[in-house]
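Okay, structure first, notes after.
Nothing in this text is a laboratory measurement; each read-out follows from the coordinates by a stated rule. Note that this is a predicted model, so its numbers are computed, not measured. Note: ideal-geometry Cβ built from the backbone for every residue, glycine included; neighbour counts use all protein chains shown.
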Amino acid sequence: MPAYSASVPGKVILFGEHAVVYGQPALAVPVADVAAKVRIQPAPDLPRGEVLLTAPAVGLRDASLNSLPENDPLAKAVRLTLEAVGAHMPAARIWISSTIPVAAGLGSGAAVSVALVRAVSGFLGKPLPPQTVSAIAYEVEKIHHGTPSGIDNTVITYAKPVYFVRGEPIRTFSIAKPFTLVIADSGVPAPTAEAVADVRRAYQGEPKRYGALFAAIGRVVESARAAIVGGAVEDLGALMDENQRLLEQIGVSCPTLERLIAAAKQAGALGAKLSGGGRGGNMIALVPPQNPALAGAIAEALRAAGAVRTIVSLVK
Ligand code: MEV
């Protein structure tokens, strides 16, 4: 059985985070500038069926798969994959690495799950169809946060721009005119689970107010999709700003993100917003389509304002 590797991209949510958990649409795109990678090698030197996992980012070095708790996300991804393919794992070593920052809204958890499912099923010579890959990654997402919408595992599995509505079949969308985003990491770690749980509590306390905010975000998403599909990139800036204002009212922004958003706009970005769970993590800024060279200046302004890392990414 030869060694097998899988590599999958990260993602950014362009519009609609949080409201998507409550049935509103959202738009997300893959980010190929970062990736989660899994490599599996047969290990004839190990006892039969022994599988050792190494994932430096979470402090695992040659950890036996069987010794990991039931709800360990990596172990769960492997176990669900073995169930789906109906096979046992021969003795093997699995290496997991990722350049996707953790707890930053770029889909690191979902990307590792998708890479693991692809690598394990591919290693066993039984690659799984994308619906099954995405469904397994969704089950693992539930460990990270109880009520995921499914957008992260979907966009990462299909690696295409996705117009996502919870519970509905995947719909991709086309980008008439490519556009450039600067993605900036605030450096504030922000587990999506906490932000999602806080929003749920707030929604339960004031369902009418929050329901109206989610619906308003849904309308922004529809306008943004029409602009992207129609090639009206310059309209996206104001829509990003509007989405950000609504996210602030929902309570998932924070002063650090708002400082970065202001810096990006000052440097010439057409619009900017947080991306993902918020409270920290990443924000995105739109580079004016008529002046793509501004990307460098916007990235520099973001770093000067405290961003720990910036990525200039072409959305196409
Ligand atoms: C996380 O990337 C996006 C959220 O909308 C949560 C979810 O959709 O599961 C905040």
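When segment 115-148 is filtered for residues that are within 14 Å of the ligand (Cβ to nearest atom) and either touching a strand residue (DSSP E or B) at 6+ places or on another chain (Cβ under 7 Å) or aliphatic (A, V, I, L, M) (or both), the ones remaining, listed by number, are Ala137, Val140, Ile143. Scanning segment 172-206 for residues being within 16 Å of the ligand (Cβ to nearest atom) and free of Cβ contacts under 8 Å to residues at least 24 places away in the same chain gives a total of 1.
Restricting to segment 38-79, what's the tally of residues that are assigned to a loop (DSSP other than H, G, I, E, B) and not aliphatic (A, V, I, L, M)? Lay out the reasoning, then the answer.
Filtering segment 38-79 for residues assigned to a loop (DSSP other than H, G, I, E, B) gives 43-50, 59, 68-72.
Among the residues that remain, those that are also not aliphatic (A, V, I, L, M) are: 44-45, 47-50, 59, 69-72.
Looking only at that region, the number is 11.
Evaluate the following for Ala77: is it within 16 Å of the ligand (Cβ to nearest atom) and surrounded by 23 or more Cβ atoms within 10 Å (Cβ to Cβ)? Considered against the rule, which asks whether it is within 16 Å of the ligand (Cβ to nearest atom) and surrounded by 23 or more Cβ atoms within 10 Å (Cβ to Cβ), Ala77 comes out as no. Would you confirm, using the coordinates I've provided, whether Ile96 is under 16 Å from Leu53 (Cβ atoms) and outside any helix (DSSP H, G or I)? Criteria met by Ile96. With the condition kept exactly as written, say whether any residue in segment 237-247 is among the basic types (Lys, Arg) and either buried (at least 21 other Cβ atoms within 10 Å of the Cβ) or within 20 Å of the chain's Cα centre (by Cα) (or both). Within segment 237-247, none of the residues are among the basic types (Lys, Arg) and either buried (at least 21 other Cβ atoms within 10 Å of the Cβ) or within 20 Å of the chain's Cα centre (by Cα) (or both). Across segment 178-204, the number of residues qualifying as loosely packed, with under 14 Cβ neighbours inside 10 Å and farther than 16 Å from His18 by Cα comes to 2. Restricting attention to segment 226-264, the residues being touching a strand residue (DSSP E or B) at 6+ places or on another chain (Cβ under 6 Å) and charged (D, E, K, R) number 1.
Can you pull out every residue in segment 146-175 that is more than 14 Å from Ala19 (Cβ to Cβ), assigned to a loop (DSSP other than H, G, I, E, B) and charged (D, E, K, R)? Those that are more than 14 Å from Ala19 (Cβ to Cβ), assigned to a loop (DSSP other than H, G, I, E, B) and charged (D, E, K, R): Lys160, Glu168.
Of all residues in segment 17-32, those satisfying the criterion of being more than 13 Å from the chain's Cα centre (by Cα) and either assigned to a strand (DSSP E or B) or small (Gly, Ala, Ser) (or both) are Ala19, Gly23.
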